[in-house]
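Take a look at the structure set out below.
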Amino acid sequence: MALCGCVVAYAFSTFRCCKNFQNRIVYSSSFSHCWNKTHLTRLHSLLLFKSATWHWCRVTRHCSLPCTNVSNNGKFKCCTSTEEELKLQQAPAVCKEEVGSDRDKEDLAKVRIKTILEQGERMVDKNVTIRGWVRSIRDQKKFAFLVVNDGSCLSGLQVFVESTLQSYEKVKSLLTGSSVSVSGKLVHSIGRGQQYELQADDVHIYGTCDASYPLQKKRHSFEYLRRIAHLRPRTNTFGAVMRVRSMLAFATHCFFQENGFVYIHSPIITASDCEGAGEMFRVLTEPAKSLNNSGKEGTREFFGVPTFLTVSGQLSAEAYSCALRDVYTFGPAFRAEYSNTTRHLSEFWMVEPEMAFADLQADMTNAESYVKFVIRYVLEKCKEDMDFFDRFIENGLTSRLHNYVEKPFIRISYTEAIEILKKSGKSFQFPVNWGEDLATEHERYLAEEYFDHPVFVFNYPAGIKAFYMRNNDHDSGKTVAAMDLLVPRIGELIGGSEREERLEVLEQKLHELGLEAENYWWYLDLRRFGSVPHAGYGLGFERLVQFVTGMENIRDVIPFPRFPGSAEF
Ligand code: 4AD
Ligand code: MG
């Protein structure tokens, strides 16, 4: 415990350290002295991966590190450094004393293929063991080549197996999909297409795979792969999507943690409808089992009140923001809407920051910094996967993303957006009228065709937005201080607002919308006791993954998609 305490104290002492992205100098905004990579690496490993110090030391050696800070002009900066990391990897291990001299032996006995392909030089002529699944096999009579992939990266490692190997007959008859462990010497490959190959001394077969394996080596449509959602992570595309998704999640935590936000785990079961749209899934016991008022088992609500799966963690985030200032939630949200589109899921993940003492401009600034940070992060850390998406999913993707992060996002009012749409000369399916919500076709026209860049649309008509959004004073509440971030190919990526912090105005809004004030009593309390201006937003995490990877359908960027009529896996 004492050790843990020290480690936590150490973590917090290094919390504000930062490295500048452009000149790669390590600096601290709140400390007078500089901190080095080691401090930062330790912090991240500690906060986000493991708490046990022994594990921590092991993780730090390969943990890549992002970091942000607020520059003089008040904007967040993306501060990551590959050069620094390379230096670190080549240098003796940060925690060599703790890990001990077993390091190489340990690593090479269970090394990931990604590590071999990235740092193979230090392993050449050494014995390594890889484990994974056979992607292909070429039998050349006296020898055979296997390509083994372990999901740690897109590429597989070529394995050279000589016919003198004891298990050769079994190995050469392996089919795609079989799982193996291969030990042998890593050498430079003389063949084209790969830098290293493994000369097998021993091949252990974990599980064979017959010709009925649904993922034979050929291109499969995404529709087909959705029907075998349990196997699709073994394909190049889904492996790459999940690695990028994971990195986006990691970068999300890094961004908010580095900027002083506190991660709040908002509840999944809730009694309040945050969006007031009535698109909630009901929580019931099966068979009906609950407690009645006398505390005995009865047939009434399990929680005493009707409960639902949350549509958003915002209301909880607001309560915590009104105590801890800047907070964020990152968890699943559920919506029972029959939207069978390429952008809607019934269960999706949402990132929801909430900032006390912030207005709409600060809200947009934070959203822009966050989106840019995570894009930069994956462009740098997931290069191989991103090049794959560029080549096979959406040509020109990476240069477009680079372009988005280099220029400021556009900001226009809803009224200006309506004018642009009216003047567009396009015949939209849905009418363009002030007071009506923007449809996806309008959002995409603005972001994709008109600006060809992410665009914030703000100050929407009050009538089309949720009850909690703050009425604008300048037009007596005709509009609310809301914003949506629209991005090319996707449309709405983020929805957010300043919150109505004035008790009477909020009560009036609930009344006008026919919502029962008593259901929101605790939310109203936040306005009764020490109310402060605050603002926040929600980013649809799957839409972010789509935006970054170029994937067309939202069902292909989440492991097991839930949508109307489908929850098989
Ligand atoms: O605009 P929305 O409905 O905003 C909220 O839920 C706010 N309470 C957030 C906040 O201010 N804290 O949803 C936010 C984002 C949308 O912009 C969209 O990207 C995503 O969540 N989203 C969905 N993603 C996938 N499937 C669905 N059915 C989605 N509904 C919303
Ligand atoms: Mg919205």
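The values are calculated or read from the model by the stated rules, or taken from the named source; none is laboratory data. Owing to the predicted nature of the structure, the values given are computational and were not obtained by experimental measurement. Cβ placement follows ideal geometry from the backbone for every residue including glycine, while neighbour counts extend to all protein chains displayed. For the accessible areas, the whole protein counts, side chains as well, though only heavy atoms, and no ligand, DNA or RNA atoms are used. Shrake-Rupley method; radii C 1.70, N 1.55, O 1.52, S 1.80 Å.
Apply the Karplus parameterisation 6.51 cos²θ - 1.76 cosθ + 1.60, with θ equal to phi minus 60°, to every residue of the stretch 186-197 and state each ³J(HN,Hα) to the nearest whole Hz, in sequence, with x for glycine and proline.
7, 10, 5, 8, 8, x, 7, x, 8, 8, 10, 9
Please work out the average accessible area per residue across the stretch 421-569, using the 1.4 Å probe convention, and give it in Å².
On the way: 6290 Å² over 149 residues.
With the other protein chains kept in place, the stretch 421-569 gives 42 Å² per residue.
Taking 20 Å as the cut-off for C-alpha to C-alpha distance, list the pairs among Lys142/Lys172; Lys141/Lys172; Lys217/Lys381 that go past it.
On the way: Lys142/Lys172 10 Å; Lys141/Lys172 9 Å; Lys217/Lys381 28 Å.
Exceeds cut-off: Lys217/Lys381.
Under the rule of at least 5 residues apart or a separate chain, name every residue whose amide H is placed under 5 Å from the amide H of Gln194.
Amide H neighbours of Gln194: none.
Quick one: what are the phi-derived ³J(HN,Hα) couplings along the stretch 475-481, Karplus 6.51/-1.76/1.60 with θ = phi - 60°, whole Hz, x for glycine and proline?
Using θ = phi - 60°, the values come out as 10, 6, x, 5, 10, 10, 7 Hz.
Write out the trypsin sites (Lys or Arg not before Pro) in the stretch 109-182 meeting two conditions: DSSP loop, and at most 16 other Cβ atoms within 10 Å of their Cβ.
Values: sites: Lys110, Arg112, Lys114, Arg122, Lys126, Arg131, Arg135, Arg138, Lys141, Lys142, Lys170, Lys172; in loops: Lys110, Arg112, Lys126, Lys141, Lys142.
Loop-located and lightly packed - Lys110, Lys126, Lys141, Lys142.
Name the chymotrypsin sites (Phe, Trp or Tyr not before Pro) in the stretch 309-340 that are in a loop by DSSP and that have at most 14 other C-beta atoms within 10 Å, would you? Can you show the working numbers first?
Working: sites: Tyr320, Tyr328, Phe330, Phe334, Tyr338; in loops: Tyr338.
Listed in order of number, the matching sites are Tyr338.
If you take the beta carbon distance between Glu223 and Phe143 as r and set R0 to 35 Å, what does 1/(1 + (r/R0)^6) give as a FRET efficiency, to the nearest 0.05? Mind dumping the intermediate values first?
Working: r = 39 Å, r/R0 = 1.12.
E between Glu223 and Phe143, to the nearest 0.05, is 0.35.
Return the long-range amide H neighbours of Phe456 (sequence gap of 5 or more, or a different chain), with a cut-off of under 5 Å between placed amide H atoms.
Residues meeting the criterion, in which the H sits 1.01 Å from N, are Ile410, Arg411, Ile412, Leu486.
Amide H of Asp326 versus every other amide H placed in the peptide plane: which residues, excluding those fewer than 5 positions away on the same chain, fall under 5 Å?
Here Val262, Ala356 satisfy the definition.
Figure the gain on full extension for Tyr338 and Ser173 (residue separation times 0.36 nm, minus the Cα-Cα span) and round it to one decimal in nm. Let's see the in-between values first.
Values: separation 165, 0.36 × 165 = 59.40 nm, distance 4.82 nm.
Value of the extension gain: 54.6 nm.
Expressed as cubic angstrom per residue, what is the convex hull volume of the alpha carbon set of the stretch 201-351? Provide the component values of the computation, followed by the final result.
On the way: hull volume 36.5 nm³, N = 151.
In the stretch 201-351, the Cα convex hull volume per residue is 241 Å³.
What does the convex hull of the Cα atoms of the stretch 113-207 come to per residue, in Å³, rounded to a whole number?
Working: hull volume 8.3 nm³, N = 95.
Hull volume normalised by residue count: 87 Å³.
Could you pull out the chymotrypsin sites (Phe, Trp or Tyr not before Pro) across the stretch 393-474 that fall in loop regions by DSSP (anything but H, G, I, E, B) with no more than 15 other Cβ atoms inside 10 Å?
On the way: sites: Tyr404, Phe409, Tyr414, Phe428, Trp434, Tyr445, Tyr450, Phe451, Phe456, Phe458, Phe467, Tyr468; in loops: Phe409, Phe428, Trp434, Phe451, Phe467, Tyr468.
Of the chymotrypsin sites (Phe, Trp or Tyr not before Pro), the ones in loops of the stretch 393-474 whose Cβ has at most 15 other Cβ atoms within 10 Å are Phe428, Trp434.
Could you please state how large a percent of the accessible area of the stretch 113-207 is carbon and sulfur, counting protein chains only and using a 1.4 Å probe?
Values: 2330 of 4790 Å².
Percent of accessible area from carbon and sulfur atoms in the stretch 113-207: 49.
Quickly work out the Ile269-to-Ala323 label distance, labels modelled 7 Å from Cα along the C-beta direction, and quote it in nm with one decimal.
Between Ala323 and Ile269, the label points sit 2.1 nm apart.
Any chance you could check the Cα centroid distance between the stretch 208-224 and the stretch 392-443 for me, in angstrom?
39 Å
Give me a comma-separated list of calculated 3J(HN,Hα) values for the stretch 488-497, in order, Karplus coefficients 6.51, -1.76, 1.60 applied at θ = phi - 60°, integers in Hz, x for any Gly or Pro.
Couplings: x, 6, 10, x, 6, 9, 10, x, x, 5 Hz.
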